[in-house]
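The values are calculated or read from the model by the stated rules, or taken from the named source; none is laboratory data. Since the structure is predicted, the reported quantities are computational estimates derived from the model, not experimental observations. Here the Cβ is made from the backbone with ideal geometry for all residues, glycine too, and neighbour counts use every protein chain on show.
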Amino acid sequence: MAPLKIGYWDIRGFAEPIRMLLKHLNIEFEETRYGFGNDSEESFPNRDEWLAEKFTLGFEFPNLPYLFDGDFKMTESVAILKRLARANGMIATTEPALSYSEMIEAMVIDIRNRLVYVIYAENSGTPEEFEQKLADLRERLETSLGQLEAFFQKHGSQWVAGDKLTYVDFLAYEYLDWYRVFVKSTPIFEKFAKVSDYMKRFEELPSLKEYIASDEHRSASCLSPFARIGHRWAKE
């Protein structure tokens, strides 16, 4: 059987939970990574490489990331992740674990979107105004982490769906890690022992420990050069 094929930008971004899930499951896959042009040229960054193919691959809703699974093809990051999870027993199937996991899925995507909205905004203001927006993000993050801490404290679970690792944990780990990477929020995480233990537990999974510690993961940009921060092209 032909290996799965995925396509995405040459960053962690919305595809990293998919990559980590496939690595955790030891599923072979091929990947096309689209660049943003030559960073020494005036046209950088651009989407030309992807746009040249976007409408030629036969997708009903052309977008990145995409998945080729045999004769089936699809786009949209969470939909891809859920398809792979269903096929490999990585989804909660009983209540209340299913409802809890879907609730936390929505919460972590909200956390991600708040961050993306701020750092991709075309008009993010002066450096001082932008720093204030980051401070506001950290404040809202602290509230969300407090709620997640209380959830783990109440239920005594290892993962969001209890003792079963699911696709939601891959979303939660990645998007919470973005805040640790470039919003200077590590001290906030240190206030919440249960959440910190959760992040550490994920990093220590035998299937992912080496990858998470590798340059392939750690040195990759969370976001594209169109973002104000969070990418390897950012000027110090």
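Quick notes on this one:
- If the condition is being surrounded by fewer than 12 Cβ atoms within 10 Å (Cβ to Cβ) and farther than 20 Å from residue 70 by Cβ, then the stretch 84-98 contributes 93, 94, 95.
- Positions within the stretch 177-195 being modelled with pLDDT under 95 and part of a helix (DSSP H, G or I), in sequence order: 177, 178, 179, 180, 181, 182, 186, 187, 188, 189
To keep it simple, each residue is scored yes or no on (1) over 23 Å from residue 117 (Cα atoms); (2) of a type outside the set (Val, Ile, Thr).
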residue: 4; (1), (2): yes, yes
residue: 14; (1), (2): no, yes
residue: 18; (1), (2): no, no
residue: 25; (1), (2): yes, yes
residue: 29; (1), (2): yes, yes
residue: 42; (1), (2): yes, yes
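- Top-ranked residue in the stretch 202-218 [being among the hydroxyl-bearing types (Ser, Thr, Tyr) and under 17 Å from residue 27 (Cβ atoms); ranked as surrounded by the fewest Cβ atoms within 10 Å (Cβ to Cβ)]: 207
- Filter result for residue 171 (assigned by TED's automatic domain parsing to the domain that holds residue 139, aliphatic (A, V, I, L, M) and out of contact with any Asp or Glu (no Cβ under 8 Å at 6 or more places or on another chain)): no
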